[in-house]
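Written below as structure tokens is the structure these notes are about.
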Amino acid sequence: MSKLLFIFLFSAVPIVEQRGAIPIGILAYNYNPLLVMVLSYIGSLLPVPFIMLLFNKIYNWLKTKRQFDFLTNIIDNKIRKNIGKFEKYKEIALITFIAIPLPTTGVWTGTAIAAFLGLDFKKSFLCAALGGLLSAIIITVISVMIPGFFPVKQVF
């Protein structure tokens, strides 16, 4: 698999998303930061329609299976923790939540919360796109400005 394809697909992986793909592309593979940012941004949006359409169905099925209690409890806690902000501010909260490049935030979690709350598909996709773009910009700037910050060259 080519390194560019890896960056593209890696950015669509839950938890890792752009937070992992952009530093790897810039710091480990020495690719052009703008190219890496665009690839990672587009890759991170790949799962959005699937999450919006399937999250509630899969989540409800998981709730019926005792062996997935650990996972549904994590989801329940994450959603319960943030539901007030999302119900009050909806789109702004969703964009901000997705844009902040911290663990358990991002496109996957933000889109799952939007699906759980039953927010409009088109608005949720637009919010994911805007939040993802802001996140990609932030991560790219950090990766370019602090090259020794993330020692991926030793790992990859």
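Expressed as a whole percent, the accessible surface of the chain that belongs to carbon and sulfur atoms is 71, based on a 1.4 Å probe. For K90, a cut-off of 27 angstrom between C-alpha atoms picks up these lysines, skipping any fewer than 8 places away in its own chain: K57, K63, K78, K81, K122, K123.
Relative to the longest principal Cα axis of the chain, at what angle does helix 69-89 sit, 0 to 90 degrees, rounded to 10? Helix 69-89 and the main axis of the chain meet at about 90 degrees.
For the set D76, D120, D69, the ranking by accessible area, highest first and with no ligand, DNA or RNA atoms included, is D120, D69, D76 under a 1.4 Å probe. Projecting the Cα atoms of I83, Y29, I7 onto the charge dipole of the chain, computed from C-beta unit charges around the Cα centre, puts I83 farthest toward the positive end. Largest GNM mean-square fluctuation across G110, G131, G20, computed for the chain with C-alpha springs under 10 Å, falls on G20. With a 10 Å cut-off between alpha carbons and a GNM built on the chain, which of A93, A115, A28 moves the most? In the Gaussian network model the winner is A28. Across the chain, the relative contact order, built from alpha-carbon pairs under 8 Å that are at least six residues apart, equals 31 percent. Evaluated at q = 0.08 Å⁻¹, the base-10 log of the normalised Debye intensity for the chain, with identical point scatterers placed on the Cα atoms, takes the values -0.24. In the context of the full set of protein chains, the chain has a per residue accessible area of 57 Å² (1.4 Å probe). Round to the nearest 10 and give me the degree value, 0 to 90, for the angle of helix 121-145's Cα axis relative to the longest principal axis of the chain. The angle comes out at about 30 degrees.
The values are calculated or read from the model by the stated rules, or taken from the named source; none is laboratory data. What you see is a predicted model; the values in this text were computed from it and never measured. A quick note on method: Cβ atoms are made from the backbone with ideal geometry, for glycine too, and the neighbour counts reach across all protein chains shown. Heavy atoms of the whole protein, side chains included, go into the accessibility calculation; ligands, DNA and RNA do not. Shrake-Rupley method; radii C 1.70, N 1.55, O 1.52, S 1.80 Å.
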